[in-house]
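The values are calculated or read from the model by the stated rules, or taken from the named source; none is laboratory data. Treat the numbers as computed from the prediction; the structure is a model and nothing was measured. Cβ placement follows ideal geometry from the backbone for every residue including glycine, while neighbour counts extend to all protein chains displayed. What goes into the accessible areas is simple: the full protein's heavy atoms, side chains included, and nothing from ligands, DNA or RNA. Shrake-Rupley method; radii C 1.70, N 1.55, O 1.52, S 1.80 Å.
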Amino acid sequence: MKYLLPLLTLLAVGCQDKLLGLTDNAVPLVHIKVKVTGDLQQLRPPGTLGETPHLRVALVWGAVYVPDPFCAIYQVLPLDPSATAVAQAGCRDVFGFVPAQVGESVAVAADGSATLDLINLPNAAVLVGEVTSRVGYASILVFDDRNDNGTLELHRAAQRNTGPGGGPGGGPGGAPLPDSATPTVKGDFVYGASFISMTQPDQRIAYLEGTFDANNALYGLFYPRTGCAAGPTTGFSILSAGGFPALLGLQALAGAGGDLEDPTTCSVKTLDSTVTIPLQATETVRDAACSGGGTSGVVRYAEPKSQPDWLQPWACVPVKYSPCLLGIPIPGQDCSKFDAKARPALAVAAAPGDCKGNTHYVLKGCATDANCDAPQWDYTTPAKKPVWWPCDVGSTP
């Protein structure tokens, strides 16, 4: 989709060199004070009640993440009950925080206090912008370190294979994950985060090199705070914002523009302030520990080799997604020839797990393009078409 393509430029930003702090004598660069509130015992899943919790906080740097357009549209808009059910079950919050790298971690004291001592600067892989002006954002996650190894492990959703040439990916249809990426029996449970979603009030840790440029297009696409007058200060700071409605965010992605945040909810503070994080049920915040898998704003497709799990939400959906589905005028978009009724693809949500996921099947196509010139698979002939296939070209909800 053209309105998401500018986001792809973010994926190429930065090198992989790690910027080290004063590691020779382990003198912290900065300290971040945290206060955890609430009663963990009331929130623990039944299977963990016999365990002794090891509550910790971890600084987690955010990833550049571009949701596929199926999730961006159907998660927000109730256009089709079946497709919306798939999006709600299989799509992470399209405006949510997506983790990239886990940084420092420390145990939470009995009174709920903790101090994160940062030894290293964030490396260039999590910074967006140019060398003279680039920024990274982090969320502080509260988690039960169930394997007691002192750090938070990120998880990813398991996906079906895309077929020939599909390659790995965290979006729909990504290749099976290696064992090292599969959640362990005693995987860490997240119980809170300072930055969960741009649609909720957040407190994010910012690191800025150089001077923040509010007119930088990249900054406006990387966890934007549109409507907040002040950006981060050089070095480390704590940014707060009140959140915005998902529909406004979707319209902004489509190019409608406009400020998102209420400026009265915006603030920029030094690290002398304390970040307060209330505990909550793990299912409401666990996406904050689910890696995005490097998705790039495109739907990944899979071969219909075998029947999907029909017990999970499924729907016949369009192959082409367009801002025309929003039903509002979008600059540069001609909606006169868009056919919203053509639904030749099958979207199926993954079974419930630590992370959400979904798979899109097409009878003919390639892993990242259902209309590719040289299809990687073709099941459209009567001899190869699956007898269970529910979506024909032109089918409607």
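Observations on the structure shown:
- Accessible-area ranking of F236, F70, largest first, probe 1.4 Å: F236, F70
- Working from label points 7 Å from Cα in the Cα-to-Cβ sense, the A217 to Q280 distance is 3.4 nm.
- 12 Å beta-carbon shell around Y223, net charge (K/R +1, D/E -1): 0
- Distant-in-sequence amide contacts of K35, defined by a placed amide H-H separation under 5 Å and a gap of 5 or more residues or a different chain, comprise V275, T276, I277.
- Near V106, once Lys and Arg are set to +1 and Asp and Glu to -1 for all other residues with Cβ below 12 Å from its Cβ, the sum equals -1.
- Compared with the alpha-carbon gap, the fully stretched path from F338 to V27 is longer by 106.0 nm at 0.36 nm per residue.
- Environment charge at E51 (Cβ cut-off 9 Å; Lys +1, Arg +1, Asp -1, Glu -1): +2
- Ordered from highest to lowest accessible area with the whole protein assembly present and a 1.4 Å probe, E283, E104 read as E283, E104.
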